[in-house]
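To start, the structure under review is shown below, and the notes come after it.
The values are calculated or read from the model by the stated rules, or taken from the named source; none is laboratory data. What you see is a predicted model, and the numbers here were worked out from it, not measured in a lab. Here Cβ is always computed from backbone atoms with ideal geometry, including for glycine, and neighbour counts include all displayed protein chains.
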Amino acid sequence: MTHMTVSCGSSADGCRSRRLAVGVALALVALLLTGCASASGTGGASERNTRPDEGTRQTISEGLLKSGKNEEARIVKLGGSRLTQVKTPFLRNWKIYRVVYRQSSHPVLLHIATGHGQVELLTGSPKAFGRVTEADGGTVENAAAAATLARVYVETTRPGGILTYVVGRVEDIKFRPGITGDAARHRDEIVAEYRPRIKAPAAVANEKGFTATVYVVKDKALQRHDIKVSAKGTIEDDVKTLVPDLPVPYTL
Amino acid sequence: MLIDRSRHALKARRRRDRGAGSLEYAALIVVAALAVGVLGSLISTTAEGRIQSAICELFGSECGDESRNTAGGGDQEPQPREPSPSPGPPVPQPEPSQEELETEAALNETQLGRDALEWVEDNGVRVVYRAGGGSYYDGDANVFYIDTNQSPEERANTFVHEVNHAEHRDEPDIDDLSREDFIEQSIDEEVEGTVEAILNNQQLQQNRGGNNPPDTLLQQEYEDAYDSAIADANRARSAAGLPVLDAEAAREVGERAGRERVEQAFENGEVVSSVDGDKYADNYGEAWDDAHDCFLWIFC
């Protein structure tokens, strides 16, 4: 440990002011050194920051590059992108991250899993989710965990560019505002028919594990996913389209 | 004697003051040097591109993309350059994909499409055709992503829409504008691109005859508003004893009404983002928040 002594002599006021000046100067030096360390060695503006999750971004980006996902690798590291961890209590070792980048004319949403030094792009790839749950080695112990897994599976493997969301009740369907005539009648029929049927994601036990039911709006379709989840996390998804032409907003 | 002691004490104090002052000065010099270093590094990464752009504009040189690459950083793909005076052996170009050929064929059917293709070629925009992921322009990398799950005509309309975004690359300026102004100008750009896609689809339908291809996003709403506005204007003129609008005036009235209808759809949630279902205004607001989300400016 290094000690720094400032000799003050007999003037107490002068001593205090000099100690204060030197203290302030040293604090500034420390602060600026931190800033320099963060600002240097990172290249362009897209990578210049001291985000606390920079290490995670680096790991994910390198993993995506290895699998040839160059554009996604670049987006993960861009300044202005948000990286948030998805709650996955059914995973022991792997983690899933949601990346949203809005600094472009159209936002980009990605879901990426990482664990055991590997990275999987989940967006648009249901099979990748199965690889993650199997590699993780965790166990789906009860129906609640199976329902959570099924919901996360649907949300994180959704294709990019197609609005997809889980609904727990008919009111969760976002219908297009201001519709009249036939479209309004169609909306009212859908609401009446599916109000008693649509439920929040739930699972029941079967001989090999659990079957979770998840209702989903994908583009203009209302779908029912019956997702078989084994104790080891393998997934089998059976999708039925209930309504192919929901009067929902146009998407861009 | 008392005076001598006092003088001696004063001299000693001055010596101490001189010693301590040197230490302070040294610390301050270090602080100043570091501050200059930090400022220099920040200026080099944030303002360098703009300074280069300004120099390019002043002297009329063609260095737009190079300055963007410097400012944007990242691992951008190299942009096409003019051939050097002594070119090496020709680099084989990959064969265009079927999807690319189909899209370009649809684009070549309309004037708006031909203009869009020419603009992309002239401005070194890289076009990536891929299945899934949606179609959009990434201004940071200067790349078009075209989702081949769309029909060739939808791809052509999207292409025209996205060229509009590319033409407004780095506009509106998210750093300089207020949140409200950024949202408003971003919506304007989105409306402009949507109207251009509608006009492109109308040209395709006109050339091919009938409803082929089918209407594109908000085309019906645009045309209803267009026709309704002209009819209303002519009714008002008739009541006032005036002749009906001539073709040019009618077109102006119709286009203004059509554009306003498209804008209304973006504002009231008839059109939402395919990412999260949010209104475009909400997404642009969040984009502005992300761009200004800094603890201290030196950590931005």
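Do we have B:His168 as at pLDDT below 95, within 13 Å of chain A (Cβ to nearest Cβ) and under 22 Å from B:Ala141 (Cβ atoms) here? Taking the combined requirement at face value, the residue satisfies it. State all residues of segment A:148-196 that are in contact with a strand residue (DSSP E or B) (Cβ under 8 Å, 6 or more places away or on another chain), more than 14 Å from chain B (Cβ to nearest Cβ) and in a loop (DSSP other than H, G, I, E, B); if no residue qualifies, say none. Within segment A:148-196, A:Gly168 is the sole residue that qualifies.
Restricting attention to segment B:131-159, the residues that are closer than 16 Å to B:Gly193 by Cβ and among the small types (Gly, Ala, Ser) add up to 4. Cβ-Cβ distances below 6 Å connect the following pairs, each with a first residue in segment B:151-175 that is over 19 Å from B:Gly134 (Cα atoms), a second residue that is among the charged types (D, E, K, R) and in a helix (DSSP H, G or I), and a separation of six or more residues or different chains: B:His168/B:Glu189. Total residues in segment B:107-124 satisfying the condition of being within 24 Å of A:Gly160 (Cβ to Cβ) and buried (at least 21 other Cβ atoms within 10 Å of the Cβ): the figure is 2.
Scanning segment A:180-211 for residues that are β-branched (Val, Ile, Thr) and out of contact with any Asp or Glu (no Cβ under 9 Å at 6 or more places or on another chain) yields A:Thr180, A:Ile190, A:Val204. When B:Arg208, B:Arg237, B:Arg261, B:Arg256 are screened for being within 14 Å of another protein chain (Cβ to nearest Cβ) and out of contact with any strand residue (DSSP E or B) (no Cβ under 7 Å at 6 or more places or on another chain), only B:Arg261 passes. In this structure, A:Tyr215 does satisfy being at pLDDT 95 or above, more than 20 Å from B:Glu270 (Cα to Cα), of a type in the set (Phe, Trp, Tyr) and in contact with a Gly (Cβ under 8 Å, 6 or more places away or on another chain). Among the residues making up segment A:203-252, those that are within 25 Å of the chain's Cα centre (by Cα) and acidic (Asp, Glu) are A:Asp219, A:Asp226, A:Glu236, A:Asp237, A:Asp238.
When you look at A:Asn70, is it in contact with a His (Cβ under 8 Å, 6 or more places away or on another chain) and surrounded by fewer than 20 Cβ atoms within 10 Å (Cβ to Cβ), yes or no? It is false that A:Asn70 is in contact with a His (Cβ under 8 Å, 6 or more places away or on another chain) and surrounded by fewer than 20 Cβ atoms within 10 Å (Cβ to Cβ). Scan segment A:204-223 for residues that are surrounded by fewer than 16 Cβ atoms within 10 Å (Cβ to Cβ) and either assigned to a strand (DSSP E or B) or hydroxyl-bearing (Ser, Thr, Tyr) (or both) and jot them down. Within segment A:204-223, A:Val204, A:Ala205, A:Asn206 qualify. Candidates are the residues of segment A:138-178 that are modelled with pLDDT under 95 and β-branched (Val, Ile, Thr); the one that is surrounded by the most Cβ atoms within 10 Å (Cβ to Cβ) is A:Val140. Suppose we keep only residues that are among the charged types (D, E, K, R) and part of a loop (DSSP other than H, G, I, E, B) within segment A:224-252. Which one would you say is modelled with the lowest pLDDT? If we take residues in segment A:224-252 being among the charged types (D, E, K, R) and part of a loop (DSSP other than H, G, I, E, B), then A:Lys232 is modelled with the lowest pLDDT.
The set of residues in segment A:219-252 being basic (Lys, Arg) and either closer than 30 Å to A:Gly209 by Cβ or more than 14 Å from every other protein chain (Cβ to nearest Cβ) (or both) consists of A:Arg224, A:Lys228, A:Lys232, A:Lys240.
Keeping to segment B:200-228, report how many residues are surrounded by fewer than 20 Cβ atoms within 10 Å (Cβ to Cβ) and either assigned to a helix (DSSP H, G or I) or touching a residue at least 24 places away in the same chain (Cβ under 8 Å) (or both).
Going through segment B:200-228 one residue at a time, the tally reaches 13.
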